[in-house]
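Enquirer: First the structure, then my questions, so here it is.
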Amino acid sequence: MTMIRFSIIFLGLVALNANANTPVSLPVPGGVVVIALAKKSDQPPRATYNKKRVSVVCNDSTWQAVVGIPLSAKPGRHNIKVSWPDKTTSTYNFQVENKEYETRHITIKNKRKVTPLQEDMARIKKERSIKANARKTWTDSAARFDFIRPVEGPLSSPFGLQRIYNNQERIRRHTGLDFAAPEGTPIVAPADGVVVVAHDFFFSGNMVYLDHGNGFITSYAHLSRIDVKPGQKLQQGDQLGAVGMTGRVTGPHLHWTVFLNQTSVDPSLFIADQLVTRP
Ligand SMILES: [Zn+2]
């Protein structure tokens, strides 16, 4: 996927859908697909993809499903199932295209953060379930997709990168977008949301999860400090913490993750109009 093709898709979408409350539709593994649901109803229908509930928004009095596609998805035909308030159901098909992601070697000086000690495993296991529960958060309030950037600074690692740590054979996918910024740089909520988790994790360091409604969740990792508490309501632009290098890192940066239907998707699709392409 070249930047040129990406720009054309994005501009096409803006031209078609000015002020629409949806991210850029890019139906690839790790991308997002926006599906117009043809039928009318006053109440939102309930949509699922791979048995996980999907965000549904209203644009121009039409319901639209905003579906996150897992990095592990196979190219080909996929579908969502929709249940309407009148008890009828519909199936909508969509095509997932292939996308090649780059591979990069990373060296982490703290070897324990790559191959944890036995005594770290209980903590890591517990933290996995805290993260899974945060991703499962569902509130009925309608999601807003008109994001601002969470931090100033250049992009350092793109979403989807296949990373090999310390020359080990195993590949780990990069499920967020990294911004390089000096320690202490403010991080703000890109949209209104509620803090669901604020915790110090073994790999992610100090981390905050925000719930934006309808299964739309964002997270912020490696912070030097956390300025919010679980349950706290934030408005777009409110500071939630500061850039740091806690957890498994090579230097200070923000690791930003966006989840839809419990699936991490490319965060750049939500701020495509605010990204400057660097050579
Ligand atoms: Zn990252």
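The values are calculated or read from the model by the stated rules, or taken from the named source; none is laboratory data. Quick caveat, the model's predicted, so the values are computed rather than measured. FYI the Cβ positions are ideal-geometry reconstructions off the backbone, even for glycines, and counts take in every protein chain you see. Note: areas computed on protein heavy atoms with side chains; ligands, DNA, RNA excluded. Shrake-Rupley method; radii C 1.70, N 1.55, O 1.52, S 1.80 Å.
Enquirer: For ASP192, which sequence-distant residues (separation of 5 or more, or a different chain) have an amide H within less than 5 Å of its own amide H, given hydrogens modelled in the peptide plane?
Expert: GLN236
Enquirer: Still on this structure: Mind checking which of ALA65, ALA36, ALA242 has the largest fluctuation in a GNM of the chain, springs on alpha carbons under 10 Å?
Expert: ALA36
Enquirer: In Å³ and rounded to a whole number, note down the convex hull volume per residue for the Cα atoms of the chain.
Expert: For the chain, the hull spanned by Cα atoms encloses 135 Å³ per residue.
Enquirer: Separate question: Percent of accessible area on the range 18-79 owned by carbon and sulfur, 1.4 Å probe?
Expert: Summing carbon and sulfur atoms, their accessible area is 47 percent of the total for the range 18-79.
Enquirer: While we're looking at this one, here's another question. Mind scanning LYS52/LYS131; LYS51/LYS99; LYS136/LYS233; LYS40/LYS87; LYS52/LYS126; LYS126/LYS233 and naming the pairs with a C-alpha gap bigger than 20 Å?
Expert: From LYS52/LYS131; LYS51/LYS99; LYS136/LYS233; LYS40/LYS87; LYS52/LYS126; LYS126/LYS233, over 20 Å: LYS51/LYS99; LYS52/LYS126; LYS126/LYS233.
Enquirer: Please sort by residue number the trypsin sites (Lys or Arg not before Pro) in the range 135-178 whose DSSP state is loop and whose Cβ has at most 15 other Cβ atoms within 10 Å.
Expert: Those satisfying the criteria are LYS136, ARG170.
Enquirer: Using alpha carbons only, how many degrees (0 to 90, rounded to 10) separate the axis of helix 3-16 from the longest principal axis of the chain?
Expert: Result, in degrees: 40.
Enquirer: Right, another one. Can you tell which of ASP211, ASP266, ASP140 shows the greatest fluctuation in a Gaussian network model of the chain with Cα springs below 10 Å?
Expert: So, out of ASP211, ASP266, ASP140, the one fluctuating most is ASP140.
Enquirer: Okay, moving on. Rounded to the nearest 0.05, what FRET efficiency is calculated for THR62 and LYS229 with R0 set to 45 Å and r the Cβ-Cβ distance?
Expert: Step by step, r from the Cβ atoms, then E = 0.75.
Enquirer: In Å, the Kirkwood hydrodynamic radius of the range 121-168 over pairs of distinct alpha carbons? Don't skip to the end; give the middle numbers.
Expert: Details: mean 1/r = 0.0658 Å⁻¹.
Hydrodynamic radius (Kirkwood, Cα only) of the range 121-168 equals 15.2 Å.
Enquirer: Let me ask you something else. If R0 is 30 Å, what FRET efficiency do you get for ASP146 and THR48 from their C-beta distance, rounded to 0.05?
Expert: FRET efficiency, ASP146 to THR48: 0.75.
Enquirer: Charges at C-beta only: +1 for Lys and Arg, -1 for Asp and Glu. How large is the resulting dipole of the chain about its Cα centre, in Debye rounded to 20?
Expert: It works out to roughly 1100 debye.
Enquirer: What angle, in degrees between 0 and 90 and rounded to the nearest 10, separates the Cα long axis of helix 121-135 from the longest principal axis of the Cα atoms of the chain?
Expert: Tilt of helix 121-135: around 30 degrees.
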